[in-house]
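The values are calculated or read from the model by the stated rules, or taken from the named source; none is laboratory data. On a predicted model such as this, the values are computed, not experimentally measured, just so you know. Neighbour counts are summed over all protein chains in view; Cβ atoms, including those assigned to glycine, are modelled from backbone coordinates with ideal geometry.
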């Protein structure tokens, strides 16, 4: 069986910066893909067998002048290394290819539901891209579901200057 690599596949891969180690890992490992929402693809490394759920991340798909590119991933490797694409993004570009990327972009938004997320980073937020209000001014804690108080993330984030 011969593998056909289209021009679109090559252009997508050219948009990503990754090394030979990442390319080898993507080729050796087993991948599963599921479109989760508009511009979102869940990429699972099935090589981990029964622990594959722990190796599953959401990749955001971005339209760059008509070329669909896996732009961001929620995995630690992509989060802390901006210079190189993680293996999940590379797998999404090479193994899943333009068909899965297009399916993510074409994912229908349900009637009455409009995403407030405008960037891929917003879509990858753990809360689904919904903007929260934060604490009222002067309130340093929030109440958790079990009644415990904890430092408010928004207040803590501002205080720490992060």
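One residue alone among 135, 92 is modelled with pLDDT under 90, outside any strand (DSSP E or B) and touching a strand residue (DSSP E or B) at 6+ places or on another chain (Cβ under 7 Å), and that residue is 135. Regarding residue 29, is this residue modelled with pLDDT of 90 or more and either over 16 Å from residue 100 (Cβ atoms) or touching a helix residue (DSSP H, G or I) at 6+ places or on another chain (Cβ under 9 Å) (or both)? Spelling it out, residue 29 is indeed modelled with pLDDT of 90 or more and either over 16 Å from residue 100 (Cβ atoms) or touching a helix residue (DSSP H, G or I) at 6+ places or on another chain (Cβ under 9 Å) (or both).
Would a scan of the stretch 58-65 turn up a residue that is surrounded by 15 or more Cβ atoms within 10 Å (Cβ to Cβ), over 18 Å from residue 103 (Cβ atoms) and touching a residue at least 24 places away in the same chain (Cβ under 8 Å)? No - not one qualifying residue is present in the stretch 58-65. Take residue 72 and tell me if it is under 16 Å from the mean Cα position of the chain (by Cα), at pLDDT 60 or above, surrounded by 14 or more Cβ atoms within 10 Å (Cβ to Cβ) and closer than 26 Å to residue 11 by Cα. Criteria met by residue 72.
Quick grid of which residues meet (1) crowded, with 23+ Cβ neighbours inside 10 Å; (2) modelled with pLDDT under 90:
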| site | (1), (2) |
| --- | --- |
| 83 | no, yes |
| 88 | yes, no |
| 97 | no, yes |
| 100 | no, no |
| 111 | no, yes |
